[in-house]
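A.B. asks: Before I ask anything, here is the structure I am working with.
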Amino acid sequence: MQLENESRSLGDIAAALQVDRPYATVLVNQLEEIGLVERTADPGDRRRKVVALTADGRRAMRDARDVLTTPPPELAALDPVDLRRLGAVLAKLLDASGG
């Protein structure tokens, strides 16, 4: 999703994900192998590569966004009071786990 609106360098991706460059490279390699991203020369600096989503990558990103933003039917069916209760219980669980 870091690539949704623009191509980014590996350094930019690493910084956005708060990981080191070698790990970002591993992630990009894996995404490239399955056809979700591609690397191209940076038009402003041909020594540098930028990473962009492919058409398949854009579709996968839209699918992921739908999954992440659409609650399961069971949750959507809860009334507001039950949703608040559930939120309070989940918050307690997160606090207890240090999250």
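The values are calculated or read from the model by the stated rules, or taken from the named source; none is laboratory data. As the structure is a computational prediction, the values presented were derived from the model and not from experiment. Every residue, glycine as well, gets a Cβ built from its backbone with ideal geometry; the counts of neighbours run over all protein chains shown. The area values use the complete protein model at the heavy-atom level, side chains included, leaving out ligands, DNA and RNA. Shrake-Rupley method; radii C 1.70, N 1.55, O 1.52, S 1.80 Å.
A.B. asks: Identify which of Thr69, Thr54, Thr40 has the largest mean-square fluctuation in a Gaussian network model of the chain, with springs joining Cα atoms closer than 10 Å.
C.D. replies: Its mean-square fluctuation being the largest, the pick is Thr69.
A.B. asks: So who's got an amide H within less than 5 Å of the one on Leu36, skipping anything under 5 residues away but keeping other chains? H placed 1.01 Å off N, in plane.
C.D. replies: Correct list: empty.
A.B. asks: Moving to a separate point now. What longest region of the chain stays clear of GluC sites (Glu not before Pro) that DSSP places outside H, G, I, E and B and that have at most 13 other Cβ atoms within 10 Å?
C.D. replies: So the longest stretch without any such site is 7-99.
A.B. asks: Going from most exposed to least, what order do Leu10, Leu94 have by accessible area with a 1.4 Å probe?
C.D. replies: The residues order as Leu94, Leu10, largest area first.
A.B. asks: Using the Karplus curve 6.51 cos²θ - 1.76 cosθ + 1.60 with θ = phi - 60°, work out ³J(HN,Hα) for each residue of the stretch 76-91 in order, rounded to whole Hz, and write x for Gly and Pro.
C.D. replies: Per-residue couplings from phi come out as 4, 7, 5, 7, x, 5, 5, 5, 5, 4, 4, x, 5, 5, 5, 4 Hz.
A.B. asks: Hey, another quick one. With r defined as the distance between the Cβ atoms of Asp45 and Leu68 and R0 fixed at 41 Å, what FRET efficiency is calculated, to the nearest 0.05?
C.D. replies: Calculated transfer efficiency: 0.75.
A.B. asks: In sequence order, what are the phi-derived ³J(HN,Hα) couplings for the stretch 66-71 according to the Karplus relation 6.51 cos²θ - 1.76 cosθ + 1.60 with θ = phi - 60°, rounded to whole Hz, with x for glycine and proline?
C.D. replies: 4, 5, 6, 9, 9, x
A.B. asks: Can you tell me the 0 to 90 degree angle between the C-alpha axis of helix 21-33 and the longest principal axis of the chain, rounded to 10?
C.D. replies: Roughly 90 degrees, rounded to the nearest 10.
A.B. asks: How large is the dipole of the chain about the Cα centre if only Lys and Arg carry +1 and Asp and Glu carry -1, each at its Cβ, rounded to the nearest 20 debye?
C.D. replies: For this selection, approximately 280 debye.
A.B. asks: Then there's this: Counting only helical runs of four or more DSSP H residues, what would the 222 nm mean residue ellipticity of the chain come to if each run contributes -39,500 (n - 2.57) and the total is spread over all its residues?
C.D. replies: -18000 deg cm²/dmol
A.B. asks: Whole percent per 5 Å bin, from 0 to the bin with the longest distance: what is P(r) over all C-alpha pairs of the chain?
C.D. replies: Pairs per bin, as whole percents: 2, 11, 15, 16, 14, 9, 11, 11, 6, 3, 1, 0.
A.B. asks: Right, here's the next one. At 0.36 nm per residue, minus the direct Cα-Cα distance, what do Leu90 and Glu33 gain on full extension? Give it in nm, one decimal, please.
C.D. replies: Length gained, Leu90 through Glu33: 16.8 nm.
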